[in-house]
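The values are calculated or read from the model by the stated rules, or taken from the named source; none is laboratory data. Everything numeric here is computed off the predicted structure, so don't read it as measured data. Cβ sites come from the backbone with ideal geometry, for glycine too, and all protein chains shown count toward neighbours. Each accessible area value is taken on the protein alone, full model and side chains, heavy atoms only, with ligands, DNA and RNA left out. Shrake-Rupley method; radii C 1.70, N 1.55, O 1.52, S 1.80 Å.
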Amino acid sequence: MSEKKTNRRDFLFTATYAVGAVGAGAVVWPMIDQMNPDASVKALASTEVDVSTVNPGKTITVLWRGKPVFIRRRTPEEIAEAKSVKIEDLKHPEKDEDRAQNPEWLVMLGVCTHLGCVPLDQKGDYNGWFCPCHGSHYDTSGRIRKGPAPTNMEIPEYKFVDANTIKIG
Amino acid sequence: MSEHEYTPKSKVGKWFNDRLPLLTLANHLTDYPTPKNLNYWWTFGGILTFCLITQIVTGLVLAMHYIAHADMAFQSVEHIMRDVNYGWLIRYIHANGASMFFLAVYIHIFRSLFYGSYKSPREVIWIIGIIIYLLMMAAAFLGYVLPWGQMSFWGATVITNLFSAIPLVGEGIVTWLWGGYSVDNPTLTRFFTLHYLIPFLILGLVVLHIWALHVPGNNNPIGIDIKKPSKDTVPFHPYIVIKDGFALLMFMIVFAFFVFYTPNILGHADNYIEANPLVTPAHIVPEWYLLPFYAILRSVPDKLLGVIAMLSAILILAALPWLDTSKIRSAVFRPLYKQFYWILVADVLILGYVGAMPAEGLYLLVARIATAYYFLHFLVVLPVLGFKERTTPVPLSITEPILGGSPNLAAVKKKDSFKDQ
């Protein structure tokens, strides 16, 4: 063999490996991407809910993208409680005003941010929600106060279509 | 592979064996020299092979009747239980078989820990074993999802959400695993596929596990290197075959007890309620064999660190051959290690117990102490012990303590040369 550091054959090897890697990637990607949400799953992206029958102090749960969404009509005490919390005391600081467009209505994903269980309504140390799986406590604004969950319960994209109808998604 | 040349007696046998040496392999397996002091803790390798075959055969049969669809899975399992001939029996064997499989694998692992079977030159056997154990946990988890009951659904939700702890890409990975925005039909069908695949991966790894075992040969209760074949060994057949067979029968009595008398005691009643994405059962508890790791997960108050702690608790086992610095294999000659071994056994049992209890108050405190001790055992106790411990004298051969002298001349010479120094 010659003493030269690189020669024509080395170049050919490198070029072959590079083209081979691109080809292998092109074959592997469809195999991976087929597991992502398909067109029919994505098509079920929004839902409309009639909330005219919900009285103050009651929560309804609707299914959106396979997940529960809590729609709670909060009592004045609950709203006051949610607003009175000092922002520094929160693990995930968020103002109640930023979580509820209309303070009377709290619309949020009923999914514990720890490992995805559905928290129980009107339970726990903060009069909000309590997740039975691993003991996370949420307040009346759905904010994490105690337990292993890292963040507040998520607020989905939603808007009031009219006074009695909420469109989620 | 074989210590001696083997020639089939018949002409046909010789003709075939020259082309594909299956008969040489069979001869290697039957004549394989094994230490003559193997005790009953060594019979669990055979028992585990039985468990794997049982799961594959019953699983194949169940797959003929099961329907992997979110709308039909639950009903199809009830159909198996009520309508299919002997369906109840086959399903109960498969469901309890998973528990029996883990029971046997835990005994097998703790046997290895006691007698130092993971140490040089058996590190690769050990690591293949850990991979098999990980695959077993994956298969068990995936299989538990298939009946599509409440525990199936919420167990799947919690376990897949573990991946959401990964920074940045976590949520994307979870969506990818689900094939949607929650656990749903796409999740079920892929879980069924993977549940079907994994046992065959395990089967392949078992072949490698045994192949790697047959290079150095079995460890033994006194943990010394033995010459094979020698007066310290007996052929695998009939000696070990009979002993393994007897132990297997005893094991099958326990297995049959669960299948016929308390087939649901190891399961959860909630799994006889069909999956409901709107209601989480009040107590989500994994199957008993995952409880110690579940306790570790819950004992850490941070989501990402909890997941890391749980995974580390399993992966730390792979590093065990290098964490244990002692050159002596068997705990029989390690008075201090023997005590720490039993403390570890107690620690794991305590973790299992608190894993089944609510994560609050005293249970949480105990879980935290036990978790800390678990890591302390592997990261501090074992490395230090190798240097500090005064071990008791190790015999030169299996027969030496009983008969005196040694059939292993090389070992005697080695001992004499030590004396000279």
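Brief remarks follow.
- Computed from the C-alpha gyration tensor, the three semi-axes of the ellipsoid equivalent to chain A are 50, 21, 14 Å, from longest to shortest.
- Sorted largest first by accessible area at a 1.4 angstrom probe radius, with every protein chain in place, the residues A:W29, A:W129 fall in the order A:W29, A:W129.
- Dipole size of the protein assembly as shown about its Cα centre, with +1 on Lys/Arg Cβ and -1 on Asp/Glu Cβ: approximately 2300 debye, rounded to the nearest 20.
- Here the sum of -39500 (n - 2.57) over DSSP H runs of 4 or more residues, divided by the residues of the protein assembly as shown, equals -16500 deg cm²/dmol at 222 nm, to the nearest 500.
- Positive-end residue, chain A charge dipole about Cα centroid, Cβ charges, pick of A:W64, A:N152, A:F13: A:F13
- Förster-model FRET efficiency, 41 Å R0, B:A138 and B:T392, C-beta, rounded to 0.05: 0.50
- Label-point gap, in nm, between B:I166 and B:A372 - each point 7 angstrom along Cα→Cβ: 3.2
- Cross-link pairs exceeding 23 Å in C-alpha to C-alpha distance, out of B:K11/B:K231; A:K123/A:K146; B:K36/B:K227; B:K228/B:K327; A:K146/A:K167, comprise B:K11/B:K231; A:K146/A:K167.
- Our coupling estimate for segment A:109-119, obtained by passing each phi through the Karplus curve with A = 6.51, B = -1.76, C = 1.60 and θ = phi - 60°, is 5, x, 10, 5, 6, 6, 10, x, 6, 9, x Hz, Gly and Pro reported as x.
- A crude spin-label estimate for the pair A:K83 and B:V207, with each label 7 Å from Cα along the Cβ direction, gives 7.1 nm.
- Whether the protein assembly as shown is rounded, prolate or oblate, judged on the alpha carbon gyration tensor where a/c under 1.5 counts as rounded: prolate
- Taken per residue, the accessible surface of segment B:104-261 reaches 42 Å², heavy atoms only and a 1.4 Å probe.
- In this simple spin-label approximation, A:E97 and B:V215 carry label points 7 Å from Cα along the Cα→Cβ vector, and these lie 6.9 nm apart.
- Under the shape rule built on the C-alpha gyration tensor, where the axes satisfy a ≥ b ≥ c, chain B is oblate, since a/c reaches at least 1.5 while a/b does not exceed b/c.
- Note, ³J(HN,Hα) from phi for segment B:330-335, Karplus 6.51, -1.76, 1.60, rounded to Hz, x at Gly and Pro: 6, 5, 4, 9, 10, x
- Gap separating the Cα centres of segment B:163-205 and segment A:58-85, nearest whole Å: 32
- Remark: segment B:341-355, residue by residue, has Karplus-estimated 3J(HN,Hα) of 4, 5, 5, 4, 4, 4, 4, 5, 5, 5, 4, x, 5, 5, x Hz, where x stands for each Gly or Pro and the curve is 6.51 cos²θ - 1.76 cosθ + 1.60 at θ = phi - 60°.
- Heavy atoms of A:K58 accessible to a 1.4 Å probe, total area in Å² rounded to 10: 120
- For segment B:93-206, radius of gyration divided by Kirkwood radius, i.e. Rg to Rh on alpha-carbons: 1.04
- Those aspartates and glutamates that a straight Cα-Cα span of less than 16 Å connects to B:K338, excepting residues fewer than 8 apart in one chain: B:D324, B:D347, B:E389
- Label point 7 Å beyond Cα of B:Y239 along Cβ direction - residues of segment B:377-398 with amide nitrogen under 14 Å: B:398
- Cβ-Cβ FRET estimate between A:I60 and B:D225, R0 fixed at 45 Å, reported to 0.05: 0.05
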